[in-house]
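Data block below; observations after.
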Amino acid sequence: MDRPPFSRDRVMNEQEAARLLSFARPLTLTPRTCLWHAGDRPDLLVRVEQGLLRAKVVLADGREYIKEFYWEGDEFIDFHHLLSGEPARYSVEALEPCRLQLFNLGDLRQLSCWPAWYHHLLAVQLRIKEEKELLLLTESPQARYQHFLQRFPELDARVPDHQIAAYLGITPISLSRIRKRLRNIP
């Protein structure tokens, strides 16, 4: 689940990069502010300049699951909405003060590099989702947490325990027990 560098560096020339930046709309978010809610239609590509966000799903009974975290250097799109036209199925919320660049997908489609850039974003997203799906299906909760620590060591200190547990598909109590077991391993 490697985080992609700003993909424009690989798919566009300087002129296209300058045109892209002319489409950028800066946005700052305070913690607990949603960029979009489930049910919205986010026709955006988002670039995280600073801060940390989470994509979350809240069930009718109040249980919350974390789909993904996004932080500095990440670019993301609600691919489900983009591909199906259906409303977003999750919300994106700031966990820290965030500085973002927003790009309207209609504007990006005008760039000659858009097909290559879109293909790159889609490939990165597919790789991340395939890896997480296999992890959730085949690994123990402890192995999932160890994987999280190996892949995202900086997030362990930035994300509250209950949200790490929600990302890993375990309870906060299970996460606490796993951490205790890992501390006791020589």
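Hey, what angle do you get for helix 14-23 against the long axis of the chain, alpha-carbon based, 0 to 90 degrees rounded to 10? Between the helix axis and the principal axis of the chain, the angle is about 80 degrees.
Relative to the longest principal axis of the Cα atoms of the chain, the long axis of helix 172-183 lies at roughly 70 degrees. Cα extents for the chain along the principal axes, largest to smallest and rounded to whole angstrom: 56, 36, 30. Taking each DSSP H run with n ≥ 4 as -39500 (n - 2.57) and averaging over every residue of the chain yields -13500 deg cm²/dmol at 222 nm.
When the Gaussian network model of the chain links Cα atoms closer than 10 Å, the mean-square fluctuations of ASP156, ASP61, ASP40 top out at ASP61. Residues whose amide H falls under 5 Å from that of ASP78, counting only those 5 or more places apart or on a different chain, are LEU44, with hydrogens built in the peptide plane. Calculated accessible area for the chain comes out at 53 Å² per residue, all protein chains present (probe 1.4 Å; ligands, DNA, RNA ignored). Ordered by solvent-accessible area of protein heavy atoms (1.4 Å probe), largest first, the residues ILE128, ILE185 come out as ILE185, ILE128.
Its Cα gyration tensor gives the range 75-170 an equivalent ellipsoid, and the semi-axes of that ellipsoid, as √(5λ) in whole Å with the largest first, are 29, 17, 13.
Each label point was placed 7 Å from the Cα along the Cα-to-Cβ direction; for ARG181 and LEU102 their separation is 4.3 nm.
Near ARG177: Cβ cut-off under 13 Å, other residues only, Lys/Arg at +1 and Asp/Glu at -1. The net charge is +3. What's the carbon and sulfur percent of the chain's accessible surface, probe 1.4 angstrom, rounded to a whole number? Carbon and sulfur together cover 53 percent of it. Accessible-area rank, largest first, for TYR65, TYR70: TYR65, TYR70, with all protein chains present and a 1.4 angstrom probe. Helix 141-151 and the longest principal axis of the C-alpha atoms of the chain enclose an angle of approximately 40°.
Within the same chain, lysines fewer than 8 places from LYS180 are excluded, and of the rest, those with a Cα less than 26 Å from its Cα are LYS67, LYS132. Residues whose amide H lies under 5 Å from that of ASP40, counting only those 5 or more places away or on a different chain, are ALA88; hydrogens are built 1.01 Å from N in the peptide plane. The Cβ shell under 14 Å around GLY85 holds other residues with a net charge of -2, Lys and Arg each +1, Asp and Glu each -1. For a quick check, take a GNM of the chain with Cα springs below 10 Å and name the residue from ALA123, ALA55, ALA88 with the largest mean-square fluctuation. Most flexible of the set in this elastic network: ALA123.
The values are calculated or read from the model by the stated rules, or taken from the named source; none is laboratory data. Because the structure is a prediction, the values reported are computed rather than measured. We place every Cβ from the backbone using ideal geometry, glycine too, and count neighbours over all the protein chains shown. With ligands, DNA and RNA removed, areas are computed over all heavy atoms of the protein, side chains included. Shrake-Rupley method; radii C 1.70, N 1.55, O 1.52, S 1.80 Å.
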